[in-house]
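Worksheet for the structure shown next.
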Amino acid sequence: MRLIETLTLVAAICLLASSTASRAGYSVATASDSLQWGSPSDGVQMSLSSREPSDSDLQLALRNVGDHDVTLNLGWMLANGKVQLPNYISLNLTDGNGKTRLFEFTDKKHPGVAGRVDAYVIPLRVGSMYTLTLRLDQFWCQETHEFEMKLLPGESRLTAQFEGRGAKRANLDMPGIKLMNFWLGRIESNRLTIER
């Protein structure tokens, strides 16, 4: 009986997330045709854009162009979903000097985890899109110890990467999360040029 209650809870959470993602996708659906997209992989495609050529706010969009529904795990959620961290998204930067390096998502407000962690689950029905607003200062480079991405004067080129993974951990009240059919591919966005 406990397993049925857990699976019912997981289904309810997915339905709520799907409804939210659909509404978010609907608000930008008319703009999706004007976005540039990376190559699709197993039905999923990603776009990276900014509002202005010199803007530090980025828009990242994921869409399902395949023939079947998919479920993405973007990273972690803390405090029962109050904090959403897309840890599995990273940015490749080629700066104005031609130096290339990988920056990973981090949120300085939440440097450590001292409580519940859930998978950041996003269901994407066929034809649906999910968008995120990200800032350059939310990414850091482990290799060079740059704790935020600062763009040099000149032309910088960015591409976003996402690697789909399953749920790493299952909380006691949601053991069914590990049974979900997560998309496990790897995609890269279009190349975004930012001029400073």
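Please go through the stretch 161-185 and pick out each residue that is surrounded by 15 or more Cβ atoms within 10 Å (Cβ to Cβ) and of a type in the set (S, T, N, Q). Gln161 - this is the single residue of the stretch 161-185 that is surrounded by 15 or more Cβ atoms within 10 Å (Cβ to Cβ) and of a type in the set (S, T, N, Q). Of all positions in the stretch 148-160, at least one carries a residue that is surrounded by 15 or more Cβ atoms within 10 Å (Cβ to Cβ), more than 18 Å from the chain's Cα centre (by Cα) and small (Gly, Ala, Ser). When you check Ala79 against the structure, is it surrounded by fewer than 17 Cβ atoms within 10 Å (Cβ to Cβ) and either at pLDDT 50 or above or within 22 Å of Ser128 (Cα to Cα) (or both), yes or no? Yes: the conditions hold for Ala79.
With the condition kept exactly as written, say whether any residue in the stretch 60-68 is modelled with pLDDT of 95 or more and within 24 Å of Arg196 (Cα to Cα). Yes, the stretch 60-68 contains a residue that is modelled with pLDDT of 95 or more and within 24 Å of Arg196 (Cα to Cα). Here Pro123 clears all of (1) at pLDDT below 90; (2) not in a loop (DSSP other than H, G, I, E, B) except the condition numbered (1). Scan the stretch 96-118 and give yes if some residue there is surrounded by 18 or more Cβ atoms within 10 Å (Cβ to Cβ), farther than 19 Å from Ser56 by Cα and at pLDDT below 95, otherwise no. Yes, the stretch 96-118 has at least one match. Candidates in the stretch 61-76 are the residues that are under 27 Å from Lys150 (Cα atoms) and touching a Pro at 6+ places or on another chain (Cβ under 8 Å); of these, the one that is surrounded by the fewest Cβ atoms within 10 Å (Cβ to Cβ) is Gly75.
Per the listing Gly81, Gly96, Gly75, Gly154, the residue uniquely closer than 24 Å to Trp37 by Cβ and small (Gly, Ala, Ser) is Gly75.
The values are calculated or read from the model by the stated rules, or taken from the named source; none is laboratory data. Worth saying up front: this structure is predicted, and the values here are computed from it rather than measured. Virtual Cβ from ideal backbone geometry, glycine too; neighbours counted across all protein chains shown.
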